[in-house]
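Report on the structure given below.
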Amino acid sequence: MDWEAEGLLEGLEDEAERDARRQLLDHLQNAGSSLDDLRQAVKEDRLVLLPVERFLAGSARYTQREIAEASGLELEQLAEFRQALGLAVPGPDARVYTDEDLVTAQDAAALAEMGFAFEETLEVTRVLGRGMSRYAEALRVLFAQTFLEPGDNEVDLAKRLADAAGELLPLSSRMLDHTFLLHIRQGLRTDYIGLAERTAGKVSDTSETSVAFADLVGFTELGETVGVEELGGLAGRLAKLAGSVVAPPVRVVKQIGDAVMLVSPDVPATVATCLALVERAEGEEDFPPLRAGVAYGPAVNRWGDWFGSTVNVASRLTARARPGAVLVTEPVREAAADRFDWSSAGEKKLKGLQKPVKTYRPRPRGSKEG
């Protein structure tokens with residue numbers, strides 16, 4: 001193939017770069033990439049990624065209609081399942097599905113046969129899709145940072161990325177399986193099914209829970225004076241900080257920009273974790289102070305996230321806390337009274353609540369009041 005005549009060497013002035021491009025195009029064409037695929041990849045400046053894409057894509061053998069028939073799922077159910085995973089849904093007769101897609105669809109059908117309601121399974125699948133999307137994006141960035149070297153030509157980089165992907169995929173799959181089992185085991189140790197649940201025939205998604213938020217003071221204002229990369233770096237450092245401090249029975253539910261959300265049935269553990277986070281932030285160089293708010297009461301656990309007035313109060317308390325301080329409600333103080341020293345922070349008017357909320361500041365036992 002005369003790649004120059006096809007216009008696929010445009011923009012490359014250096015002869016070594018042009019030669020590397022020819023080698024890569026030859027390799028990809030021999031491996032089965034069509035001329036249209038190559039044109040599109042060059043246009044989108046992702047030619048070096050095509051070997052990795054081909055490795056990850058598998059062999060397209062089935063249409064969506066054939067997958068539905070072979071798995072026992074309705075065509076509409078299969079489309080909903082794929083959408084819930086956060087993936088594009090091709091036309092029902094596009095031959096783009098692989099053997100792995102068929103197995104996954106059959107597994108989804110098996111869940112229904114076990115008695116799981118399809119709509120509720122879709123909600124769990126959405127949680128999986130969101131989590132896997134974030135994991136894949138983080139891994140993609142790490143992958144590029146690790147294997148991209150100064151002066152790389154296209155053919156060398158494409159080969160290095162493809163080789164690394166071949167080694168990474170089985171490692172990552174085993175890690176995901178093991179991490180999933182560890183989290184399932186940890187969750188079972190903190191849950192129980194009591195008489196009320198057995199009588200009702202279902203587990204309640206509402207429970208008495210301590211909820212906390214910890215955020216970076218002045219993060220919004222900081223965004224007006226520093227670049228996006230620096231802001232992202234601070235958010236990443238907050239996630240790392242939380243990961244180094246938070247331990248069961250407290251867990252991180254999510255990070256929302258400049259804030260992390262924590263939950264636990266153990267109120268003293270939540271308060272202690274927030275105090276530790278605030279203290280650890282004070283020791284970080286070039287890092288804004290943290291503040292935290294903690295509330296305790298009924299909260300609803302829906303598909304891995306938490307909702308309800310207790311969550312709202314904790315979030316709004318955080319905005320009223322002093323830099324470097326933890327602010328809690330009266331139920332939190334009552335549940336953790338003998339574990340900390342306390343000072344009254346007065347009544348706070350919080351958005352959405354008719355009555356002011358009594359608030360307190362906890363401190364480690366024996367420490368001086370700040």
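The values are calculated or read from the model by the stated rules, or taken from the named source; none is laboratory data. Model, not experiment: these values are computed from the prediction. Note: ideal-geometry Cβ built from the backbone for every residue, glycine included; neighbour counts use all protein chains shown.
Which members of region 294-306 meet the condition of being under 11 Å from residue 263 (Cβ atoms) and not polar (S, T, N, Q)?
294, 295, 296, 299, 304, 305, 306
Take residues that are assigned by TED's automatic domain parsing to the domain that holds residue 117 and tell me which of the helices (runs of 4 or more DSSP H) falling wholly in region 1-96 contain 1 or more.
64-71, 75-84
Can you pull out the residues in region 334-355 that are small (Gly, Ala, Ser) and in contact (Cβ under 8 Å) with a residue 40 or more places away in the chain?
Answer for region 334-355, where residues must be small (Gly, Ala, Ser) and in contact (Cβ under 8 Å) with a residue 40 or more places away in the chain: 335, 336, 352.
Take region 242-277 and flag every residue that is in contact with a Phe, Trp or Tyr (Cβ under 8 Å, 6 or more places away or on another chain) and free of Cβ contacts under 8 Å to residues at least 60 places away in the same chain.
Result: 253, 257, 258, 259, 260, 261, 262, 263.
Residues checked against (1) hydrophobic (A, V, I, L, M, F, W, C); (2) in the same structural domain as residue 319 (by TED's automatic domain parsing); (3) over 24 Å from residue 185 (Cα atoms):
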site: 238; (1), (2), (3): yes, yes, yes
site: 271; (1), (2), (3): yes, yes, yes
site: 277; (1), (2), (3): yes, yes, yes
site: 289; (1), (2), (3): no, yes, yes
site: 295; (1), (2), (3): yes, yes, yes
site: 299; (1), (2), (3): yes, yes, no
site: 302; (1), (2), (3): no, yes, no
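I'd like the residue in region 285-307 that is touching a residue at least 12 places away in the same chain (Cβ under 8 Å), in contact with a strand residue (DSSP E or B) (Cβ under 6 Å, 6 or more places away or on another chain) and farther than 19 Å from residue 348 by Cβ and, out of all such residues, is surrounded by the most Cβ atoms within 10 Å (Cβ to Cβ).
Filtering first and then ranking leaves 299.
Just to be sure before I move on: is residue 280 among the basic types (Lys, Arg) and modelled with pLDDT of 95 or more in the structure I sent?
No.
Looking at 64, 106, which one is in contact with a Lys or Arg (Cβ under 9 Å, 6 or more places away or on another chain) and either of a type in the set (D, E, K, R) or farther than 21 Å from residue 153 by Cα (or both)?
Just a single option satisfies the conditions, and that option is 64.
Please work out which residue is modelled with the lowest pLDDT, limiting yourself to region 101-149 and to residues that are part of a loop (DSSP other than H, G, I, E, B) and more than 25 Å from residue 64 (Cβ to Cβ).
Filtering first and then ranking leaves 148.
Do we find that residue 319 is at pLDDT below 95 and within 29 Å of the chain's Cα centre (by Cα) in this structure?
Yes: the conditions hold for residue 319.
Filter region 1-45 down to residues that are in contact (Cβ under 8 Å) with a residue 24 or more places away in the chain, loosely packed, with under 13 Cβ neighbours inside 10 Å and under 17 Å from residue 158 (Cβ atoms), then give me how many there are.
1
Could you name every one of the helices (runs of 4 or more DSSP H) located completely within region 181-277 that has at least 1 residues being at pLDDT 90 or above and either more than 18 Å from residue 127 (Cβ to Cβ) or touching a His at 6+ places or on another chain (Cβ under 6 Å) (or both)?
Once the helices (runs of 4 or more DSSP H) in region 181-277 are filtered for at least 1 residues that are at pLDDT 90 or above and either more than 18 Å from residue 127 (Cβ to Cβ) or touching a His at 6+ places or on another chain (Cβ under 6 Å) (or both), what remains is 228-245.
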